[in-house]
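The structure appears below as structure tokens.
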Amino acid sequence: MPTFSVSAAISIGVPLFIVAMASQNVPGIAVLRANSYTTPSAPLILSTGIASLLLAPFGSHGVNLAAITAAVSSGAACSI
């Protein structure tokens, strides 16, 4: 039977947080800023973190500022 462990949650959660920040959130903010959107990054990171925390018990994937989504939203993606 699986049991909850704080040390296991930290040892899994911290690396996943670092990966999400480095691979999705930072490039997503960079794309938005490159397209003259000057929104502060702290509320964006906080809101996606809270959404991930609340939805995780229901099997949701992590919510983040995906770079490709930011590019599409800002009109930076080219169309074929």
Item to check | Every residue from the range 1-59 that is hydroxyl-bearing (S, T, Y) and touching a helix residue (DSSP H, G or I) at 6+ places or on another chain (Cβ under 6 Å) | outcome: S41
Item to check | Criterion violated by V31 - all others in (1) in contact with a Gly (Cβ under 8 Å, 6 or more places away or on another chain); (2) in contact (Cβ under 8 Å) with a residue 40 or more places away in the chain satisfied | outcome: (1)
Checklist entry - Within the set of pairs 6+ apart or on separate chains, which have a first residue in the range 58-75 that is more than 13 Å from F17 (Cα to Cα), a second that is loosely packed, with under 11 Cβ neighbours inside 10 Å, and C-beta atoms under 9 Å apart? => result S74/S36
Item to check | Identity of the residue in the range 33-59, under 16 Å from S74 (Cα atoms) and in contact with a Leu (Cβ under 8 Å, 6 or more places away or on another chain), that ends up surrounded by the most Cβ atoms within 10 Å (Cβ to Cβ) | outcome: L44
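Rule-based calculations on the coordinates, nothing more; no lab input. The model shown is predicted, which means the values in this text are computed figures rather than measured ones. Cβ: placed from backbone, ideal geometry, glycine included. Neighbour counts: every protein chain shown.
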